[in-house]
1. Kindly list the residues of segment B:89-121 that lie in the label zone of B:Arg21, defined by a backbone N under 17 Å from the point 7 Å along the Cα-to-C-beta vector.
2. List the residues, sorted by chain then number, that are 5 or more residues from A:Arg90 or on another chain and whose placed amide H is less than 5 Å from its amide H.
3. Counting other Cβ atoms within 10 Å, keep those with at most 15, restrict to DSSP loop, and tell me which trypsin sites (Lys or Arg not before Pro) in segment B:91-124 are left.
4. Between A:Glu115 and A:Arg73, 0.36 nm times their residue separation minus their Cα-Cα distance comes to what?
5. Can you list the HN-Hα couplings for segment A:82-94, worked out from phi with the Karplus curve (6.51, -1.76, 1.60; θ = phi - 60°), rounded to whole Hz and with x for Gly and Pro?
6. What FRET efficiency, computed as 1/(1 + (r/R0)^6) with R0 = 22 Å and r the Cβ-Cβ distance, is obtained for B:Lys105 and A:Arg146, rounded to the nearest 0.05?
7. List, in order, the whole-Hz ³J(HN,Hα) value for each residue of segment B:8-24 obtained from phi through the Karplus relation with A = 6.51, B = -1.76, C = 1.60 and θ = phi - 60°; use x for Gly and Pro.
8. Need the C-alpha centroid separation for segment A:103-121 versus segment B:38-66, integer Å.
Protein chains: 2
Amino acid sequence: MIVYRDIVPGDLPALESMLRRISEFAPDELPVANEVLEGSVSNPAGSGYYTVVAEVDGRPVGYATYGSTPLSRGNWEIYWAAVDPETQGRGIGRELMRRCETAVKQRGGWQITLETSSTPQYARTRRFHASCGYTEIARIPDFYDRGDDLVIFYKKLG
Amino acid sequence: MIVYRDIVPGDLPALESMLRRISEFAPDELPVANEVLEGSVSNPAGSGYYTVVAEVDGRPVGYATYGSTPLSRGNWEIYWAAVDPETQGRGIGRELMRRCETAVKQRGGWQITLETSSTPQYARTRRFHASCGYTEIARIPDFYDRGDDLVIFYKKLG
């Protein structure tokens with residue numbers, strides 16, 4: 001049985017260990033991912049990070065973190081989303097995205113942006129976002145590294 | 001005589017008062033601008049904000065704040081740039097931009113992005129960036145508010 005709920009402090013060890021097992025993430029991304037997770041646990045309003053967790057049989061197997069863009073009235077961002085490789089393919093990532101979108105609408109947001117990389121390593125991630133209804137709206141060359149562009153996706157919430 | 005130098009704590013009162021006199025900035029932007037300024041004074045390495053100040057006759061009359069983009073190897077951003085309305089038209093803004101670009105190159109960056117608004121209020125700002133060699137590379141609709149798009153400019157450093 002899959003349960004979706006807000007993050008709790010006890011989720012951190014399992015989620016941080018899961019992140020280390022996901023091949024897309026580079027080692028320098030892990031401290032940033034962990035900082036975002038920890039902010040959403042200890043002080044969501046102050047950090048501006050909110051995290052939804054997916055739990056299977058009492059074990060956290062995925063999460064998505066969203067927050068409102070500073071100085072924006074209606075744009076929110078999904079900062080990070082990850083699902084345990086062992087439980088991928090069951091629609092958990094898609095449902096996490098949907099939960100973020102519902103929460104953003106409830107808080108008065110009207111659209112979501114998210115950022116990813118143009119490299120082949122992230123091709124599956126880009127296809128996943130497109131299949132969730134996100135449109136590629138911008139690309140900034142050599143942003144992350146030479147040959148590694150920033151790709152911005154966005155979705156208007158109905 | 002115009003002097004360009006790194007920010008010092010004593011600049012804060014004059015720069016914060018200057019920001020209040022600049023009509024482009026909305027009231028909700030001032031706390032963010034001040035936070036960025038204060039970060040660059042108290043802890044540039046920790047905050048990731050570096051500020052160059054322009055001083056005329058011993059008085060700070062403008063500044064620009066830049067920093068490296070997290071998780072990027074070569075992209076830097078100019079977060080904020082402002083010149084006192086009374087000393088505009090003397091090329092101070094342009095020289096502040098140039099100083100940021102030189103500093104970014106010295107630190108190994110190869111390009112700069114900056115963000116502004118699509119509204120008529122920022123038309124002069126957009127023309128200024130274009131005249132400094134920045135290209136509009138992305139536009140995200142309704143980002144700041146309905147009808148107020150995000151415009152991203154960028155410039156490759158030679």
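Where a number appears in this text, it was derived from the coordinates with a stated rule and is not lab data. Treat the numbers as computed from the prediction; the structure is a model and nothing was measured. Reconstructed Cβ throughout: ideal geometry from the backbone, glycine too, with neighbour counts over all protein chains shown.
1. B:89-93
2. Excluding prolines and chain starts, which carry no amide H, there are no hits.
3. Passing both the DSSP loop test and the Cβ count: B:Arg107.
4. Answer, rounded to one decimal: 13.2 nm.
5. Whole-Hz 3J(HN,Hα) from phi for segment A:82-94: 8, 10, 3, x, 6, 10, 6, x, 10, x, 5, x, 4.
6. 0.90
7. 3J(HN,Hα) across segment B:8-24, in whole Hz: 10, x, x, 6, 4, x, 5, 6, 5, 5, 4, 4, 5, 8, 9, 5, 5.
8. The two parts, judged by their Cα centres, are 32 Å apart.
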